[in-house]
1. Among the residues of region 201-215, are any in a loop (DSSP other than H, G, I, E, B), farther than 29 Å from Ile135 by Cα and of a type in the set (Asp, Glu)?
2. Within region 232-278, track down each residue that is polar (S, T, N, Q) and closer than 24 Å to Leu87 by Cβ.
3. For region 237-264, which positions are more than 24 Å from the chain's Cα centre (by Cα) and surrounded by 13 or more Cβ atoms within 10 Å (Cβ to Cβ)?
4. May I ask you to say which residue of Thr120, Thr179 is at pLDDT below 90 and either β-branched (Val, Ile, Thr) or closer than 30 Å to Tyr243 by Cα (or both)?
5. Report whether or not Asp206 is of a type in the set (Asp, Glu), over 19 Å from Arg256 (Cβ atoms) and surrounded by 12 or more Cβ atoms within 10 Å (Cβ to Cβ).
6. Would you check which residues across region 86-123 are assigned to a loop (DSSP other than H, G, I, E, B), surrounded by 20 or more Cβ atoms within 10 Å (Cβ to Cβ) and not hydrophobic (A, V, I, L, M, F, W, C) and list them?
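The values are calculated or read from the model by the stated rules, or taken from the named source; none is laboratory data. Only a predicted model underlies this, so the values are computations on that prediction, with no experimental measurement involved. Here the Cβ positions follow ideal geometry from the backbone for every residue, glycine too, while neighbour counts run over all protein chains shown.
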Amino acid sequence: MKVRLLTGTIIVFLILLSIKSYSQGDLDDPLRPKEKARPIYIGPVLGYNKTIHTVDLLTFDDPTKLCQPFEKGGSNGFYAGISLEYLLGDVKASQSSIIARVLFNTFPAYMERGQDDYRTLVKAPPPPDSAYMWITSSTKHEAEVTYNLLTAEICYKLNPIPKVPIGITGGLTFDFPITKKIYQTYKLIKPLNVQFVRDPDYQYTDNDRTIIIQDGEIKEPSGLRLGLKFGIQYEIITGTQMYIVPAVYYNYGITRVTTNEDWWVHAIQMGVDVRWAL
């Protein structure tokens, strides 16, 4: 339902821009009245996401286990989609525009939290004096997050210096999560000759030296990520109806990833827009 609403909104936006572009043109020839179309630029977008996850996420569901929480994470992702630019003011001397984008974004993360000199109940190595024993161990919590979104952006662009093709942009992003998964483990690092005591509430791997804490959907995910996006771009004019726009942005997440955890996602984004005049 959200995807249909987003698609419908973009279509209506494009129609309104098209109508407006033919109703505000200058006259080519006063003797032969004919409105000059205001150009709209449209084209593909591709870029790289360096994600930054800031969290306060329990490493175990049971807070009595006294394990340190995850606090930060990040990884490498990408974005791809389509952009549309509508010039404001006089077409020939325009220094500002409205830019809209529809994108597929990946905001993955890898999180890690080590624990040294931690008291752990393990199986006793053979020959055992007893079935189990307490040891001082070195352990590590890890989490791999897959977080993919369908994004709609609306930004304002300003070229602050006339005739210099450098633009400053700022606006809002509306992100709808479509993949939101986490794979979280707890591993024994040292010593090498022991195993965890099995708990029926968890799955185990790596010869019982790794506990699978979570493997599936993120719990209680938010249905919308709202973000602020601002950056700088450089417009490469090719002398044709096409121009190329490399840019760098910072995407700041306002809303949380889940409804019950302090978990936000931000990103440094670097990419290229290629646009043609309609």
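1. Checked region 201-215: no residue is in a loop (DSSP other than H, G, I, E, B), farther than 29 Å from Ile135 by Cα and of a type in the set (Asp, Glu).
2. Step one: of region 232-278, the residues polar (S, T, N, Q) are 233, 238, 240-241, 251, 255, 258-260, 269.
Gln233, Thr238, Thr240, Gln241, Gln269, listed by residue number.
3. Once the filter is applied, which keeps residues that are more than 24 Å from the chain's Cα centre (by Cα) and surrounded by 13 or more Cβ atoms within 10 Å (Cβ to Cβ), region 237-264 yields Met242, Tyr243.
4. That would be Thr120, the only listed residue that is at pLDDT below 90 and either β-branched (Val, Ile, Thr) or closer than 30 Å to Tyr243 by Cα (or both).
5. It is true that Asp206 is of a type in the set (Asp, Glu), over 19 Å from Arg256 (Cβ atoms) and surrounded by 12 or more Cβ atoms within 10 Å (Cβ to Cβ).
6. Answer for region 86-123, where residues must be assigned to a loop (DSSP other than H, G, I, E, B), surrounded by 20 or more Cβ atoms within 10 Å (Cβ to Cβ) and not hydrophobic (A, V, I, L, M, F, W, C): just Pro108.
So that you can scan it fast, the table gives a plain yes or no per residue for (1) touching a residue at least 24 places away in the same chain (Cβ under 8 Å); (2) farther than 23 Å from Glu235 by Cα; (3) under 22 Å from the mean Cα position of the chain (by Cα):
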{"site": "Cys67", "(1), (2), (3)": "yes, yes, no"}
{"site": "Tyr79", "(1), (2), (3)": "yes, no, yes"}
{"site": "Ile99", "(1), (2), (3)": "yes, no, yes"}
{"site": "Thr146", "(1), (2), (3)": "yes, yes, yes"}
{"site": "Pro165", "(1), (2), (3)": "yes, no, no"}
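So that you can scan it fast, the table gives a plain yes or no per residue for (1) of a type outside the set (Asp, Glu); (2) in contact (Cβ under 8 Å) with a residue 24 or more places away in the chain; (3) within 21 Å of Ile52 (Cα to Cα):
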| residue | (1), (2), (3) |
| --- | --- |
| Gly171 | yes, yes, yes |
| Thr205 | yes, no, no |
| Ile213 | yes, yes, no |
| Glu217 | no, yes, yes |
| Leu226 | yes, yes, yes |
| Tyr243 | yes, yes, no |
